[in-house]
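Working notes, structure below.
Read the figures in this text as sums done on the coordinates, not as results from a lab. On a predicted model such as this, the values are computed, not experimentally measured, just so you know. Here Cβ is always computed from backbone atoms with ideal geometry, including for glycine, and neighbour counts include all displayed protein chains.
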Amino acid sequence: MALCEIYSYSCESIGALSSTAIAAFAFFATAYQAWSTRKHNRLSVKPMLTTLAVCPDNGYIVKLSNIGIGPALIKSFEIYADDKKIDGTGFEPITKAVHIMFPQDSPEILNWGYLSPGGAMAASSSIDIVNLLFSPTSLPSAALLEHFQKRIKLVIKYTSIYEEEVFIYDSYKSHITP
């Protein structure tokens, strides 16, 4: 019996089996590392949208921000009033939402913005969804503005640059209050 024979395997067979086991382990370790790196890369470019309401003098501004690390690729941009989708294209839904909330003494819309499907919102960027200016005589109370925030909902479907998962931003669930 040779010195390296074990259970009737020759030295060459033991070396071949060891090499195969080491190669299999290296293959699985490399595959796990590639999967882990891929997962990290996807998380490292994940966009995250949020809104913030600001009340300057005689005004009301709703800002949409991408506080994530990567750009948000927009799939849809919808506005709801009292849980009913407001139809229209471009700025129409925003204008209609303002008139629904303020049927009398509507504030002046200084500017507004929206994200069109197929567009993108860069990381660390913000846009004003609506910037309203009230006349001093028709300035709503803070409680009334808070009530309006609960009646208007912004829903945005978007993806990261990998476009594998669709994220849904819902202002009812993800709203930041000052």
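Counting every Cα pair in segment 79-178, what percent are over 21 Å apart? Write out the running numbers ahead of the final one.
Values: 1916 of 4950 pairs.
Of the Cα pairs, 39 percent sit more than 21 Å apart.
If you plug each phi of segment 103-109 into the Karplus form 6.51 cos²θ - 1.76 cosθ + 1.60 with θ = phi - 60°, what whole-Hz ³J(HN,Hα) values come out, in order, with x for Gly and Pro?
Karplus values, whole Hz, x for Gly and Pro: x, 10, 6, 4, x, 7, 8.
Kirkwood Rh over Cα pairs of the chain into Stokes-Einstein at 10 °C, 1.306 mPa s: D in µm²/s?
Estimated via Stokes-Einstein, D reaches 80 µm²/s.
Nearest 10 degrees is fine. How inclined is helix 11-44 to the longest principal axis of the chain, computing both from alpha carbons?
Once rounded, the angle reads 10 degrees.
Could you check the simple spin-label distance between Tyr32 and Asp87, using points 7 Å along Cα→Cβ, in nm with one decimal?
5.6 nm
With respect to the cross-link table entries Lys85/Lys150; Lys63/Lys85; Lys39/Lys153; Lys46/Lys96; Lys46/Lys85, which display a Cα-Cα separation exceeding 23 Å?
Long pairs (Cα-Cα over 23 Å): Lys39/Lys153; Lys46/Lys96; Lys46/Lys85.
Taking Cα atoms, how many degrees apart are the long axis of helix 92-101 and the longest axis of the chain, rounded to 10 and kept between 0 and 90?
Its long axis makes an angle of about 60 degrees.
So what is the 222 nm mean residue ellipticity for the chain from helices alone, if each DSSP H run of at least 4 adds -39500 (n - 2.57) and you divide by all residues, rounding to the nearest 500 deg cm²/dmol?
Helix-only estimate at 222 nm: -10500 deg cm²/dmol.
Counting only other residues whose beta carbon sits under 15 Å from that of Tyr80, what net charge do I get with K and R as +1, D and E as -1?
Here the count lands on +2.
Modelled label-to-label distance, Thr50 and Leu144, 7 Å Cα→beta-carbon offset: nm?
The modelled label-to-label distance comes out at 2.9 nm.
How far apart, in nm, are two points set 7 Å out from the Cα along the Cα-to-Cβ line at Val155 and at Ser116?
Taking the two extended label points, one gets 2.3 nm.
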